[in-house]
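To start, the structure itself, in structure tokens.
The values are calculated or read from the model by the stated rules, or taken from the named source; none is laboratory data. Not measured: the values here are computed from a predicted model. Please note: Cβ atoms are built from the backbone with ideal geometry, for glycine as well, and neighbour counts cover all protein chains shown. Ligands, DNA and RNA are excluded from the accessible area calculation, which covers all protein heavy atoms including side chains. Shrake-Rupley method; radii C 1.70, N 1.55, O 1.52, S 1.80 Å.
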Amino acid sequence: MQKLTSKSGLLIVLSGPSGVGKGTVCAAFRKRKTDLIYSISATTREPRPNEVDGVHYFFKGRDDFKAMIEGDELLEWAEYMGNYYGTPRAFVEETLSAGKDVILEIEVQGALQIKRKFPNGVFIFLAPPSMQELQQRISGRGTETTEVMAGRLSVAEQEMNLIDRYDYAVVNDEVERACDRILSIVQAEHCRVERLLDQ
């Protein structure tokens with residue numbers, strides 16, 4: 001009988017349209033699954049109130065970010081609403097090799113880039129209960145102008161059309177319920193035969 005063992009950690013990619021609640025759900029999920037390692041993204045956007053460099057994001061200047069792109073230091077990167085976002089490569093690869101699960105909370109463009117490089121990752125699309133609800137969430141932030149909000153909604157509609165590129169879809173109707181679903185997905189993925197068979 002072959003030994004059932006998993007050599008490397010799971011790469012869990014949580015993404016979805018802006019305003020769907022990725023950050024809130026990811027933070028709540030990490031409290032539930034405390035052995036999960038969170039990969040912090042780099043971005044050129046300005047910090048929101050209460051966001052801390054090196055905790056929520058690595059806030060970079062545009063020149064610094066472009067140097068990271070040219071140096072192949074990013075697992076993925078995308079330009080979204082005039083700002084760059086990306087995932088530092090080395091940290092993710094080292095953590096997975098050590099057998100630890102890593103979660104990325106990223107935009108849709110970046111998630112699809114990673115899927116090409118890490119097809120064995122677990123790709124979860126976080127969806128709003130409705131587009132009307134998504135609009136209310138974005139406007140409720142009070143941080144975007146009307147023009148920016150319209151742009152975000154237009155992009156969100158395009159991103160919703162890419163849901164079939166993902167392994168799973170979870171509706172964020174209530175944070176704890178969404179976390180329950182994601183936890184079930186992760187537990188099931190850890191039990192997949194192809195992940196467990198020692199080659």
When the charge dipole of the chain is computed with +1 on Lys and Arg Cβ and -1 on Asp and Glu Cβ about the Cα centre, the Cα farthest towards its positive end, among Leu196, Ile114, Leu74, belongs to Leu196
Compactness relative to 2.2 N^0.38 Å, alpha carbon Rg of the chain:
1.04
Taking the dipole about the Cα centre of region 107-185, with the C-beta of Lys and Arg at +1 and of Asp and Glu at -1, give me whichever of Asn161, Val171, Ala150 is farthest to the positive side.
Asn161
Taking 8 Å as the Cα distance limit and 6 or more residues as the minimum spacing, I'd like the relative contact order of region 1-156 as a percentage.
38 percent
Springs between alpha-carbon atoms under 10 Å, Gaussian network over the chain: tell me which of Pro47, Pro128, Pro17 tops the mean-square fluctuations.
Pro47
Filter the chain for me: DSSP H helices, axial length by Cα at least 18 angstrom, mean Kyte-Doolittle hydropathy not below -1.0. List them by residue number.
146-160, 175-190
Val171 long-range amide H proximity, modeled H, under 5 Å
Ala127
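Cα-Cα over 22 Å: which of Lys7/Lys33; Lys7/Lys117; Lys66/Lys100; Lys33/Lys66; Lys22/Lys115?
Lys66/Lys100; Lys33/Lys66
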Taking region 105-199, how much of its Cα-Cα pair set, in percent, is spaced more than 18 angstrom apart?
57 percent
Residue-normalised value, i.e. accessible area per residue, for region 1-91 at 1.4 Å probe, in Å², stands at 52 Å²
Considering only DSSP beta bridges whose two residues both sit in the chain, what percent are antiparallel, to the nearest 5?
35 percent
Can you give me the % of accessible surface on region 148-199 that is carbon or sulfur? Probe 1.4 Å, all protein chains present, nothing else counted.
52 percent
Looking at region 93-199, which GluC sites (Glu not before Pro) are in a loop (DSSP not H, G, I, E or B) and have at most 14 other Cβ atoms within 10 Å?
Glu174
